[in-house]
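Q: Below you will find the structure I want to go over with you.
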Amino acid sequence: LAPWIPVVGLEIHAQISSNSKLFSGSQVQFAAPPNSLVSFFDASLPGTLPVLNRRCVEAAVMTGLALNCSINKKSLFDRKHYFYADLPAGYQITQQRVPIAVNGSLSYSLCIDNKMSQMVTKTVRIKQIQLEQDSGKSLHDDTRSQTLVDLNRAGVGLMEVVMEPDMCCGEEAAAAVRELQLILQTLGSSQAVMAEGQLRVDANVSVHHPGEPYGVRTEVKNINSIRFLAKAVDYEIQRQIEELENGGTILNETRAFDSKLGCTVPMRDKEGKQDYRFMPEPNLPPLILYDAKSLPANMNHQQVINIDWIHERLPDLPSVKREKLVEQYGILPEHSFTLLNEDGLAEFFESVTKQTQMKPKKVIGWILNDLLSYLKQHSLTVKESPVSSFLLADLLNLLEKKEISSTAAKQVLAELWKGEGKTPLEIVKEQKLELLQDQKELEQICQAVIDGQENE
Amino acid sequence: AALKGGLRSQVSAALKEGRVTPTELCQRCLALIKSTKFLNAYITVAEETSLKQAEESEERYKRGQPLGILDGIPIAVKDNFNTAGIETTCASNMLKGYISPYNATVVQKLLDQGAVLLGKTNLDEFAMGSGSTDGVFGPVRNPWSYSRQYKEKSIPKSHSEGEELNWVITGGSSGGSAAAVSSFTCFAALGSDTGGSTRNPAAHCGVVGLKPTYGLISRHGLIPLVNSMDVPGILTRCVDDAAVLLGSLAGHDPKDSTTIQDDFKPFELPNLTDVSKLSIGIPKEYHAPGLSSEILALWSKAADLFKNAGAKVVEVSLPHTRYSIVCYHVLCTAEVASNMARFDGLEYGHRSDRTESTESMYAATRREGFNDVVRGRILSGNYFLLKQNYEKYFVKAQKVRRLIANDFVEVFRSGVDVLLTPTTLSDAAPYTEFIQEDNRTRSAQDDILTQAANMAGLPAINVPTALSERGLPVGLQFIGRSFQEKQLLTVAKWFEKQVQFPMIQLEEVKRHDSGVFQHQKSASFS
């Protein structure tokens, strides 16, 4: 059988972290009472007009720069028309002709064969980033034959990040999205929490034989976590391969991932292809951005966005942070990945190393093996850890000064997890875990043991 | 007291000196609205709130602290502007009973300056039409139908039958506003202008109709027809009043991203005496097919007027004029299809009883809520926006639009200050004749002289010029350079003074309220 090459591309919608929506002043907030964050514009009241939110543009520029994109100094807004209950105006304002950023790239790392020690770096091309409105939410109440519409989310700013089909499997897709998530969170342009709908991923999947053109692709939606993303993509690849090997064909359709069954199913049909009747948005002039060179001298700085100014103020991206951690602390690259992968863990690690004489290379073991596994076992975040960096540093100091053994230290740590407020030293004393350093005392104990043996 | 005079020159002084009070003005206008109800110019009369506003204005005048020239002045607003607490219907079943929670920016500005909002005026449904005949509240009647001037020239029939059959249309789509100003029920009215909807009824009703430069006055709260061409329009009885209204409305609005950022300074119009430095352009393409010989003669006479006064009058060419109607129809219907997509019965407005599915509810709501004209434009517009048609129609039309706009740029660059053209092809048609043709045909015919200015975003104004042989008003149009309203209105004012357009003699009105209106001395132009 000829080998199959799976091809995976992603369309990611990241909700912009801002106080107000993309084109109106109503607030952005998760889980507010239904229809409590809806301005006249959001409700599509006739005669209302969009006004562009500066913060959303800045978020998109930051993200574009972090993803090595060219920022289009002139981008345009368009209307994408379709009728749906959660789209009050009957169209979405998006950027179809000229988006704000194009032609970038994202590097991400994978473990080969599940071994943390062997990491490989991959790159996926970023086709574009566009600004667009989020839709409201509709809940179908089939028992009462009605649809409930909540417009709180309608009009919230989104960045759509389009990743080219450079990925080949679920693992790559997941790793790429994870890295994007970290970047967005570092920038602050999106909180990117998938569970809260701030990061939504649709996967485009197809398979083909080497040397042949790309196969028909399907779009997979309704993926609610990074773990499910990997599962959904891998399932779909398998499904397509099996279908084709059995002589079937792949339909260019949209499928939903069913997390309970672990498979993809065709979505309720949309009656053939939609023609969105794109049209320029006439109420928004072209979005003009400036850089240091093009910025006119007498321009009101409140009214313009300077790309260079934003570039200068970008924080360290995850890849840079990892390099710095490796360089500064002598830890392994795979360690730096794990540190950044867990919210607050890198800060915790750094805090501990500051407060202890133990070498970072040794500290890292305690962080990644003991602390992290405990947190995982109890589904706690670093912030929720009952053991503070201070306490852990304290414990590690005892170990470093050889006042306790490594085994004893683990015992103390187990006690510290209870969060009863005792210090490591107190626990050591309580449980009599001190290492005996006194030569004479040791001799006495040894002698006693030997004597005991002789008596038998 | 006679209050036929201008706002700045006479009414304002009368109010300040207490010779008349805002309450009196308001009551007079409300009474007149009642007695001219047969005109069907108003959809909603805001009696209570307007009287309250008038009382508050009166208090301010008593304290010697009026907010400005517009304080206490009764104004009417076309029913496609949002007015908080007062029904906004767009003359459509889709919005019958719709009470907006906010004021359009222009409405708010008027209220902030103490104007008294009398009510909302009638129009073609969603401003689509050139007759003000296609709204759900029925057609608007041109007040001149009931004027002595028209009746004298009419073919005699039995008294009542003649009136009923021969009443003429106002033109459209801002017919209600034009009729309201023309019949003295208000001092000024807001209209809208997308292809001529303020200037056309102004010409037919013998009032001044100003279309400002696109981007000068905020569209926030104006229910859109074509976002890239719509402007709020100003209807008044004289050019000076239009300048007053313009001064109170123009300027940047953060809520409308298409308004210009530059500061706008309200101006008073100078009394131009020397026109020798003026260059008037006569675009030959505006000698359009169907232009009545009467209007052609009037246009020519007007050109001579300028020439004899020393101005430079030159024939110019706007070669792409003949493509403008077709181009307008593509762009207009496309934007209409888009703008009307929000009317689905879900959040506001009419909602059908059909409940089987969301789709059926949408479809029935839109079929029930929109008239044929609106639905026709939506279908056409969606056709032009289909992926396979987009380049051929929409993009092509945008390119043609650019050519049309460039025609004007070239002409103005060649030294012409202002263009002089007819506003309409003929005087107002009798209603029975007008409705023989469908809305689309009529619009295509009637828009030809006005809508290029909308394509190019230029300011334009109708100045009532003379009466036709049938005793009906005929106006001429001036088109100016972008944002040069002051120059445009100065020229218009000079012309207005020369032609001395006669005042309407409304006999019914005279019978009820003889104190208000004076006869105008003749010295008319024709």
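Q: Listed highest first by mean packing, meaning other Cβ atoms within 10 Å per residue, what order do A:169-178, B:262-271 come in?
A: Put in order of decreasing packing, that is A:169-178, B:262-271.
Q: Checking an interface number: how much accessible area is buried between B and A, summed over both chains, with a 1.4 Å probe, in Å² rounded to 100?
A: 2800
Q: Measure out, as a whole number of angstrom, how far apart the alpha-carbon centroids of the range A:388-456 and the range B:433-460 sit.
A: Taking the Cα centre of the range B:433-460 as reference, the centre of the range A:388-456 is 96 Å away.
Q: Another question, then. Can you figure out the FRET efficiency of residue A:209 with residue A:423, using R₀ = 51 Å and their beta-carbon distance, to the nearest 0.05?
A: Once the sixth-power term is evaluated, E becomes 0.20.
Q: I'd like the Karplus ³J(HN,Hα) series for the range A:34-43: coefficients 6.51, -1.76, 1.60, θ = phi - 60°, whole numbers in Hz, and an x wherever there's a Gly or Pro.
A: Working through the residues one at a time gives x, 6, 9, 10, 10, 8, 4, 5, 4, 7 Hz.
Q: With a Förster radius of 41 Å, plug the Cβ-Cβ distance of residue B:296 and residue B:375 into 1/(1 + (r/R0)^6) and report the FRET value to the nearest 0.05.
A: After rounding, the FRET efficiency stands at 0.65.
Q: For the protein assembly as shown, with every protein chain kept in place, what is the accessible area per residue (1.4 Å probe, Å²)?
A: Counting only protein heavy atoms, the per-residue value for the protein assembly as shown is 43 Å².
Q: So, one more: Test of understanding: extend the Cα→C-beta vector of residue B:399 to 7 Å, then name every residue of the range B:326-340 with backbone N under 17 Å from that spot.
A: B:326-328, B:330-331
Q: Once phi is turned into θ = phi - 60°, what whole-Hz ³J(HN,Hα) does the Karplus curve with 6.51, -1.76 and 1.60 give for every residue of the range B:219-225, x standing for Gly and Pro?
A: 9, 4, x, 8, 5, x, 9
Q: Once the other residues with Cβ under 15 Å from the Cβ of residue A:447 are scored (Lys, Arg +1; Asp, Glu -1), what is the net sum?
A: The answer is -4.
Q: Before rounding to the nearest 500, sum -39500 (n - 2.57) across all DSSP H runs of length at least 4 in chain A and divide by the residue total; then give [θ] at 222 nm in deg cm²/dmol.
A: Helix contribution divided over all residues of chain A: -10000 deg cm²/dmol.
Q: How far, in nm, would the chain grow between residue A:267 and residue A:293 when pulled straight, counting 0.36 nm per residue and subtracting the alpha carbon separation?
A: Taking 0.36 nm per residue and subtracting the Cα distance, the gain is 4.4 nm.
Q: Using protein chains only (no ligands, no nucleic acids) and a 1.4 Å probe, work out which residues of the range A:19-47 have their accessible area cut by at least 30 Å² relative to the chain alone.
A: At a threshold of 30 Å² (probe 1.4 Å), the residues of the range A:19-47 that become less exposed are A:40, A:44, A:45, A:46, A:47.
Q: Here's a follow-up. Please report the net charge: other residues with Cβ closer than 13 Å to the Cβ of residue A:102, K and R +1, D and E -1.
A: +3
Q: OK, next. What distance in nm separates the simple spin-label points at residue A:147 and residue A:308, each placed 7 Å from Cα in the Cβ direction?
A: 5.0
Q: Need the full-extension length gain, residue B:500 to residue B:99, defined as separation in residues times 0.36 nm minus the C-alpha distance. One decimal, nm.
A: Difference between extended and current length: 140.2 nm.
Q: How high is the relative contact order of the range A:220-353? Use alpha-carbon pairs under 8 Å, at least six apart in sequence, and give a whole percent.
A: Computed over the range A:220-353, the figure is 14 percent.
Q: Please give the length that would be gained between residue B:359 and residue B:55 if that part of the chain were fully extended, namely 0.36 nm times their separation in residues minus their C-alpha to C-alpha distance (nm, one decimal).
A: This chain segment gains 104.5 nm when fully extended.
Q: If you average the sequence gap of Cα pairs under 8 Å that are 6 or more apart and divide by the length of the range A:318-439, what percent do you get for the contact order?
A: Dividing the mean separation by the residue count of the range A:318-439 yields 20 percent.
Q: Something else now. Give, to the nearest whole percent, the P(r) tail of chain A beyond 37 angstrom, counting all Cα pairs.
A: Here the tail beyond 37 Å accounts for 41 percent of pairs.
Q: Report, by chain and number, residues whose modeled amide H sits under 5 Å from the one on residue B:98, excluding near sequence neighbours (fewer than 5 apart, same chain).
A: B:88
Q: With an 8 Å Cα cut-off and a minimum separation of 6 or more residues, compute the relative contact order for chain A in percent.
A: Computed over chain A, the figure is 15 percent.
Q: Show me, for the range B:467-476, the HN-Hα J-couplings you get by feeding each phi into the Karplus relation (A = 6.51, B = -1.76, C = 1.60, θ = phi - 60°), rounded to Hz, glycine and proline as x.
A: Karplus-based 3J(HN,Hα) across the range B:467-476 equals 9, 6, 4, 8, x, 10, x, 10, x, 10 Hz.
Q: Please compute, for peptide B:335-344, the average count of beta-carbon atoms on other protein chains lying within 10 Å of each residue's beta-carbon.
A: The per-residue average across the peptide is 6.
Q: Check residue A:255: other-chain or 5+ apart residues with amide H under 5 Å from its amide H, H built from backbone geometry?
A: Answer set, sorted by chain and number: A:219, A:220, A:221, A:267.
Q: Quick check: at a probe of 1.4 Å, how many percent of the accessible area of the protein assembly as shown sits on carbon and sulfur atoms?
A: Its accessible area is 51 percent carbon and sulfur atoms.
Q: What FRET efficiency would be calculated for the residue pair residue A:84, residue A:36, taking the C-beta separation as r and a Förster radius of 25 Å, to the nearest 0.05?
A: Efficiency at R0 = 25 Å is approximately 0.70.
Q: For the pair residue A:341/residue A:105, report the inter-label distance in nm, with labels modelled 7 Å from Cα in the Cβ direction.
A: In this crude spin-label approximation the distance works out to 2.4 nm.
Q: Also, quick follow-up: Residues in the range A:14-48 near a label at residue A:195, defined as backbone nitrogen under 20 Å from the 7 Å Cα→Cβ point?
A: A:14-17, A:29-33
Q: Would you grab the residues whose amide H sits under 5 Å from the one on residue A:263? Only those 5+ places off in sequence or on another chain, please, with H modelled 1.01 Å from N.
A: A:258
Q: While we're here: Just report the Cα centroid separation between the range B:78-104 and the range A:140-209, whole Å.
A: Taking the Cα centre of the range A:140-209 as reference, the centre of the range B:78-104 is 39 Å away.
Q: Something else now. Place a label point 7 angstrom from the Cα of residue A:216 along the Cα-to-Cβ direction, then list the residues of the range A:249-263 whose backbone nitrogen is under 15 Å away.
A: Within reach of a label on residue A:216: A:249-255.
The values are calculated or read from the model by the stated rules, or taken from the named source; none is laboratory data. Quick caveat: nothing in here was measured; it's all calculated off a predicted structure. As a convention, Cβ positions derive from the backbone with ideal geometry for all residues, glycine included, and neighbour counts pool all protein chains shown. With ligands, DNA and RNA removed, areas are computed over all heavy atoms of the protein, side chains included. Shrake-Rupley method; radii C 1.70, N 1.55, O 1.52, S 1.80 Å.
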